[in-house]
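What follows is a set of notes on a single structure, which appears directly below.
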Amino acid sequence: MQFGLDSVIGAALPAFGDAFCLFLGLYQVLLSMLFGLPWHVVGLMLFYIVVDAFIGVVPLVGDFLDVAFKANIYNLRLLEKELTRSRWAAAV
């Protein structure tokens, strides 16, 4: 099973790591908003980030669940899907 930097940071730095990963996810959403993604897609991205943050808050089980739930990957797929059908399609 693959795991990302989000899981490693969250496990290494219990409180700070989850907050840091939350801000990284919010930055990804900000960039998506700048690209002009529809609001329903941005809302879904925010939902994934909030779920990931709440999963990371649970002390021991949250670290294992953080490996399984990859909010940033889901958000990246949403971004790529929307960019291929938007005015940015020629740049992608």
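Remarks
- Across the accessible surface of region 18-92, with the other protein chains kept in place and a 1.4 Å probe, carbon and sulfur atoms take up 75 percent.
- The phi torsions of region 56-67, fed into the Karplus equation with coefficients 6.51, -1.76 and 1.60 and a -60° offset, translate into couplings of x, 6, 5, x, 9, 5, x, 5, 6, 6, 5, 5 Hz, rounded to whole numbers, with Gly and Pro shown as x.
- Whole-Hz ³J(HN,Hα) from phi, Karplus 6.51 cos²θ - 1.76 cosθ + 1.60, for region 35-40, glycine and proline x: 6, x, 5, x, 5, 5
- Cα-based Rg / Dmax (Å) for region 39-92: 13.9, 45
- Computed from backbone phi, the HN-Hα couplings of region 15-25 come to 8, 5, x, 5, 5, 5, 5, 5, 5, 5, x Hz, rounded to whole numbers (Karplus: 6.51 cos²θ - 1.76 cosθ + 1.60, θ = phi - 60°; Gly and Pro given as x).
- Inter-label distance, nm, simple model (7 Å from Cα along the C-beta direction), LEU13/SER86: 3.0 nm
- Annotation: per residue accessible area for region 13-92 equals 66 Å², rounded to a whole number [probe 1.4 Å, protein chains only].
- The chain: relative contact order in percent, alpha carbon pairs under 8 Å with at least 6 residues between: 30 percent
The values are calculated or read from the model by the stated rules, or taken from the named source; none is laboratory data. Model, not experiment: these values are computed from the prediction. Cβ atoms come from the backbone with ideal geometry, glycine included; neighbour counts cover every protein chain shown. Surface accessibility is based on the protein's heavy atoms, side chains included, excluding ligands, DNA and RNA. Shrake-Rupley method; radii C 1.70, N 1.55, O 1.52, S 1.80 Å.
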